[in-house]
Every structure is written in structure tokens, then in C-alpha cells.
1. Just the C-alpha atoms of region 166-264: what Rg/Rh do they give, with Rh taken as the Kirkwood radius?
2. Can you give the Rg to Rh ratio for region 106-199, taking only C-alpha atoms and Rh from Kirkwood?
3. Can you tell me the mean projection area, over all orientations, of the convex hull of region 184-343's alpha carbons? Units nm², please.
4. How many Å² of accessible area per residue for the chain, probe 1.4 Å?
5. Looking at the square roots a ≥ b ≥ c of the eigenvalues of the Cα gyration tensor of region 1-59, which shape do they give, rounded for a/c under 1.5, prolate if a/b is larger than b/c, or oblate?
6. Give the dimensionless ratio obtained when the Cα radius of gyration of region 77-117 is divided by 2.2 N^0.38 Å.
7. For region 1-44, which GluC sites (Glu not before Pro) pass both filters: DSSP loop (anything but H, G, I, E, B) and at most 15 other C-beta atoms within 10 Å?
8. I want the antiparallel fraction of DSSP beta bridges within the chain, as a percent rounded to 5.
Amino acid sequence: MITIYPEQHWLHDTSSLIISGNLFETEELPQRAEILRQAIEQAEIGKITSPADHGLTPVLKVHDPEYIHFLQTIYTQYTNYYRISVPALPVTFSGRQMRRKSVHPDGLLGYYAFGTGTPILSGTWDAAYWSAQTALSAADALLAGERNTYALCRPPGHHAAAAMFGGFCYLNNAAVAARYLQSAGKNGYQKVAILDFDYHHGNGTQEIFYQDPSVLYCSLHADPDQDYPYFWGGVDELGAGAGIGANRNWPLPVGTGDSDFITALDEALTVIAGYTPAYLVVSAGWDIREGDPAGGFTLSREAFSEIGRRIASLDLPVLIIQEGGYLLDEIGACAVAFLSAFT
């Protein structure tokens with residue numbers, strides 16, 4: 001298995017942010033990617049390489065051009081306006097009654113963000129850009145004949161929609177990779193399935209493909225009436241228009257353990273097998289592990305091996321995208337247990 005790892009993730013360093021005189025506490029730290037990289041090296045999972053630059057064209061197949069311009073420029077706009085070098089964070093939100101899109105930096109942040117916990121730093125755009133290139137490079141490896149690849153993406157991506165950021169996510173790596181894999185098909189079309197088993201629902205991925213029958217999205221996650229992101233992830237969200245039936249959610253109660261999670265996984269895998277995709281993209285979140293500071297499930301380390309084995313049994317080319325996972329003492333072992341099932 002080839003792992004793609006971006007050194008550029010360090011450009012988005014959230015480990016010592018001071019906002020309004022206080023330490024900004026966040027679980028999405030640079031150490032996450034380093035722990036995962038070291039665990040893969042020590043377990044000899046396979047070769048680790050750097051991403052290649054595919055440019056913005058495949059990113060713009062998913063994200064709105066004005067949103068991309070916003071991500072590229074908002075830190076400079078924000079710091080120039082306030083004449084101080086601080087992280088850009090929204091202080092207001094457009095809401096459902098919005099009547100105009102403001103060009104003020106605070107207005108733009110509130111227009112594109114859906115939460116306050118996702119700061120934009122001087123290096124955030126470059127880190128997010130190379131995280132997406134990591135997913136694209138892993139997709140290239142699949143197209144070149146690799147059976148399974150792992151994109152060690154940071155920042156993560158599944159909360160980012162076509163023109164929305166939040167939940168530590170700026171660009172949707174899984175969606176960008178799925179669209180890229182589709183482009184390799186006859187006439188630029190082939191079916192791709194996405195399986196998301198992060199503790200938090202991948203609301204951005206869902207919304208990107210909600211009306212698209214060519215991408216099946218299946219997600220196992222915490223019940224949105226019990227945990228973040230709250231406004232997406234219900235079992236009744238089945239897609240819209242031509243995409244009805246191509247979106248499936250398995251919201252699970254806080255406290256879900258190995259057995260109930262595996263039961264839901266088997267249901268999702270049955271749906272994926274029936275869809276007969278050419279490729280499977282997996283948004284993998286180690287935050288389903290018991291004790292994760294951002295989670296609420298009680299899965300054991302051994303469960304990750306079983307999850308990997310069951311996904312591998314579909315016998316599809318699989319592109320694994322790193323999403324969440326914040327229990328730093330455990331994420332390396334969880335990743336190795338899962339990835340080893342594919343080697």
C-alpha cells in the first residue's frame with residue numbers, strides 16, 4: 001500500500017494559537033499527521049511518498065471558484081483590515097434570512113463558515129491545497145494499478161461543502177478525489193462510492209453529491225440530535241432530484257460499541273456492493289475509538305481490524321482518506337490495525 005503524506009500540513013499549525021489573549025484549544029493538531037506517519041513507517045505498511053501538484057482544475061470540479069478565491073485571500077484581507085496578524089475567525093453568520101453577500105472580511109467569513117472552531121491562518125490555504133493534492137495523488141496511484149492507497153490528509157475535509165468550511169475542514173479531499181476518479185472513466189463518467197465512518201457526519205461530502213446519482217455516499221456517524229454537526233446526517237436524508245437513493249446515513253447513538261457499529265457497517269457495505277462502483281473512497285475517522293476527546297463511541301482497537309477486513313472483502317480498488325481522530329495515544333495503532341487489513 002502506498003501512503004501519500006504532505007509535509008505542507010505544518011503550514012496550518014494550530015498547536016499554540018492565541019485568540020483574544022487566550023489559548024485556542026483544538027483537537028486538530030499537526031502532531032496527528034506525524035503520529036500517523038511514524039506508525040505507518042514502524043509497522044512497515046508500505047512506501048510513503050509526497051504528493052504531486054495537480055493544480056486547481058480538479059479542485060474546481062468540486063468547489064465554487066469564488067469560495068476558492070476567498071480561501072486564498074481572506075487571511076490577507078482580514079489582517080490588512082484589522083492591522084494585526086491574528087487568525088481569521090467568523091464573528092457573525094449569514095443565517096437563513098440573508099439578503100446580500102458582504103465584501104467585508106467579517107461578512108465573508110460569516111458567509112462561508114458554519115462554525116467558529118476552524119481558524120484561517122497565514123498558511124491555511126497552502127496546507128489545505130496540498131491536502132487535496134494528497135488525495136489526488138493517492139487517486140493517481142489507484143489509476144496506475146495500485147489496489148489500495150492511503151491519503152494522509154491534513155487538514156481533513158469531509159465537513160467542507162462546495163462553498164462552505166467548518167469542522168476543521170476547508171477543501172473536501174474525498175469529494176475532490178471521487179470526482180477525479182470519475183474523470184478516468186469512459187466519457188468522464190463512472191460510478192464511485194464513498195464510505196464515511198468518522199464519528200461526525202460528513203455534511204460537506206453529502207451536500208456536494210446530494211443530487212448526483214453517479215456518487216453513492218454512505219455515512220456511519222453520531223446521531224445529529226446528540227452531536228456535531230447537528231443539522232445534517234438523518235436517516236431520512238436520501239438525496240434529491242436524480243440523486244434520490246444515492247445518499248444513505250446510519251446515525252448511531254452516543255455510546256455505540258463494536259457490535260452495533262459493525263452491524264451498521266455491514267448494512268452500508270451491502271448497499272455499496274449493490275451499487276457496483278468502479279472505486280470506493282473511504283473517509284476514515286479514528287475518532288470512533290473509545291476515549292477520543294472529540295468522540296462519543298466506545299469502539300475498541302480490535303474493531304478497526306474488523307472494519308478494515310469487511311471493507312476489503314468488497315474486493316474494490318479503495319482510496320482511504322484521513323479525516324478525524326484525536327486520541328493521540330491511540331490513532332497510530334487504530335490506523336495500523338485498519339490499514340493492515342488491506343495489505
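1. Rg divided by Rh gives 0.99.
2. Working: Rg = 14.5 Å, Rh = 14.3 Å.
Ratio of gyration radius to Kirkwood radius: 1.02.
3. 8.8 nm²
4. Value returned for the chain: 40 Å² of accessible area per residue.
5. Values: a/c = 3.93, a/b = 1.48, b/c = 2.65.
Verdict is oblate for region 1-59.
6. The value comes to 1.17.
7. Filter output for region 1-44: Glu25, Glu44.
8. Looking only at bridges with both residues in the chain, the antiparallel portion is about 15 percent.
The values are calculated or read from the model by the stated rules, or taken from the named source; none is laboratory data. These figures come from a predicted structure and were not determined experimentally. Don't worry about glycine lacking a Cβ; one is built from the backbone with ideal geometry, like all the others, and counts go over all protein chains shown. Heavy atoms of the whole protein, side chains included, go into the accessibility calculation; ligands, DNA and RNA do not. Shrake-Rupley method; radii C 1.70, N 1.55, O 1.52, S 1.80 Å.
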